[in-house]
Amino acid sequence: MPDSTSKDILVFIEQRQGVIKKASLEALSEAIRQSKSVGGTVMACLVCAESNNLLPGISSLQPNKIIIAQAEEYNDYATESYASALEAAIKQVSPKYVFAANTAMGKDLMPRVAARFRSPCVTDAVELAAEGSTLLAVKPMYSSKAYGKYSFNHSLAFITLRPNVFVMAEKSESANVPSETITCPSVPARAKVIETHAATGQKLELTEAPIIVSGGRGLKGPENWPILQALCDVLGAALGASRAVVDAGWIDHQHQVGQTGKTVSPQLYVACGVSGAIQHLAGMSSSKIIVAINNNPDAPIFKHATYGIVGDLFVIVPKLTEEIRKLKEQS
């Protein structure tokens, strides 16, 4: 059971198909930063079928220890087996806090494990603050109209961190981090992954992309997506969309940004023909820089934009794409 005197932080490291999620390394980086204020050690928990290729990426951030749960059944994510593995890791090291990225996996896994320990769980934290030897978690509420600050009065607390909000620490090539492999009971999964089919078209994972170009009804039709995709290509950006165009069938749901889509926090968010409904803003308002392109000067998006361009996106976006391409060729 958790140790009431512990100050340690355990970070669940998400991996899919043998690739560590960037958001997990951001969570690990933040854990290391916070440990300097609250004390304690930082441990990474890796659940996988094969760990050898994954360990260097984790060790480069220099946690104090890596806890490994390794078995063939962890090749694909299954809620029951992963939850049992994380539960076993927690019982092994007795941390005060358990961190994970606020991804689809993190949102499914963390509340389930928290319930097993009858412990609090705060999801989608955008800020952590030390108050003495304890941590406070801040998360947006009511479509980001307000922020809640949470303290914990339990010996164990679970927190998921929004991707792209917390800065990843610099990596060390010569890090040597001890690891410990734990034995977990085999849990029969009630649902099993038979095949994985990756969606085609999206070159970058939307929630992890540093730059996103989104389109709304101003595109006028699905035949005009190539205009935004060309801008994505020169910027190295992911393609996003508003709910209106997804509901209209112009693009797949995997691209949807907003309250009923994905929550993103890129360094740069370019909204093209997006009016800025509150549901859309809830999914992207934490972007560092917002550029809005819209022919309606009264569009709500301009109230939240860092830079706004009132004009025809069919004229502006191709010119912007061409100028960026010229700059990259010169550099």
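Count the DSSP beta bridges whose two residues both fall in the stretch 122-203, then state the antiparallel fraction as a percent rounded to the nearest 5.
85 percent
Excluding residues fewer than 8 places away in the same chain, name every one of the lysines whose C-alpha is closer than 28 Å to that of LYS319.
LYS203, LYS220, LYS288, LYS303, LYS328
Semi-axes of the equivalent ellipsoid for the chain, please: Cα gyration tensor eigenvalues, times 5, square-rooted, ordered largest first, whole Å.
38, 21, 19
Could you tell me the accessible area of ASP8 in Å² (1.4 Å probe, neighbours in place), rounded to the nearest ten?
30 Å²
Could you let me know the centre-to-centre spacing of the stretch 244-306 and the stretch 1-64, using Cα atoms, in angstrom?
Computed from Cα coordinates, the inter-centre distance equals 32 Å.
Could you state how much accessible area SER144 has, in square angstrom rounded to the nearest 10, with a 1.4 Å probe and all protein chains kept in place?
30 Å²
Would you list which aspartates and glutamates come within 15 Å of LYS139, measuring only between C-alpha atoms, while excluding same-chain residues fewer than 8 positions from it?
In chain and number order, the partners are ASP124, GLU127.
Amide H to amide H under 5 Å from GLU127: which residues, 5+ apart in sequence or cross-chain, H placed 1.01 Å off N in plane?
VAL138
Around ALA125, with a cut-off of 13 angstrom between Cβ atoms, what is the net charge of the other residues, counting Lys and Arg +1 and Asp and Glu -1?
0
Which residues' amide hydrogens lie under 5 Å from the amide hydrogen of GLY215, considering only partners 5 or more residues apart or on another chain, with H built in the peptide plane?
GLY240, ALA241, SER242, CYS272
Heavy-atom accessible area per residue, the chain, 1.4 Å probe: how many Å²?
Per residue, the chain has an accessible area of 47 Å².
Arrange the residues THR306, THR183 by how much accessible surface each exposes, largest first, with a 1.4 angstrom probe.
THR183, THR306
Most fluctuating residue of VAL193, VAL213, VAL246 in a GNM of the chain with Cα springs under 10 Å: which is it?
Top of the fluctuation ranking is VAL193.
Can you show me the helix-derived [θ] at 222 nm for the chain, built from DSSP H runs with n ≥ 4 at -39,500 (n - 2.57) apiece and divided by the number of residues, rounded to the nearest 500.
Value at 222 nm, helices only: -8500 deg cm²/dmol.
A 27 angstrom limit on the alpha carbon distance is what I want to check against. Which of LYS65/LYS262; LYS7/LYS262; LYS107/LYS145; LYS65/LYS96; LYS149/LYS171 exceed it?
LYS65/LYS262; LYS7/LYS262; LYS149/LYS171
Which one of PRO226, PRO111, PRO56 has the biggest mean-square fluctuation once the chain is modelled by GNM with Cα springs under 10 Å?
Maximum fluctuation in the GNM of the chain, among the listed residues, is at PRO226.
The values are calculated or read from the model by the stated rules, or taken from the named source; none is laboratory data. This one's a predicted model, so the numbers in the text were calculated from it and none came from an experiment. Don't worry about glycine lacking a Cβ; one is built from the backbone with ideal geometry, like all the others, and counts go over all protein chains shown. SASA here: full protein model, heavy atoms, side chains in, ligands and nucleic acids out. Shrake-Rupley method; radii C 1.70, N 1.55, O 1.52, S 1.80 Å.
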